[in-house]
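Here is the structure we will look at, set down as structure tokens.
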Amino acid sequence: MPGNLRHARESIREELSTEALPAISFAASIEDAVRSADLVIDCVPDELESKLEILWLLDRMAPPHTVIATPTLQQSIGDLASCTNRREKCIAIAASPEDLSAGGGTALALRTAPFTGDETISFAVDFFRRLGFNPALERTPE
């Protein structure tokens, strides 16, 4: 196991409760990480090329049912989703890292494209509510 993954595992173990630890798993590759995922959230810089590359990879490696969520304050989810074969299953998380580390609240917004599926929206809203957020929905007009 690479040293940085080992460090991440130990850091997370220190921060999480013992009840939460069984729900956390680690993977050494993107393919292993997304093989059976229902939801994938990337952690790449908010730069167009980085976002396009990771969404392209996730689209090809994840099962067809997987929802792809990408944190972005600058990029259009419509443009990013268009590089995938599942544009109706892509959604943007509009929040700064500071908002996300604050532990919840209304600072988190989910941005959609006109073609984002209702099932995707419901799934993402429910997921973030279970984490303690109260996500606002920002729908991009057609």
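Values quoted throughout were computed directly from the atomic coordinates according to the rules given, and no laboratory measurement underlies them. Everything quoted here is computed from the prediction, not taken from an experiment. Counting neighbours? That spans all protein chains shown, and the Cβs are built from the backbone with ideal geometry, glycine included.
For the stretch 110-128, the tally of residues that are among the hydroxyl-bearing types (Ser, Thr, Tyr) and part of a helix (DSSP H, G or I) stands at 2.
In the stretch 39-89, the residue that is surrounded by the fewest Cβ atoms within 10 Å (Cβ to Cβ) out of those that are β-branched (Val, Ile, Thr) and within 19 Å of Phe128 (Cβ to Cβ) is Ile41.
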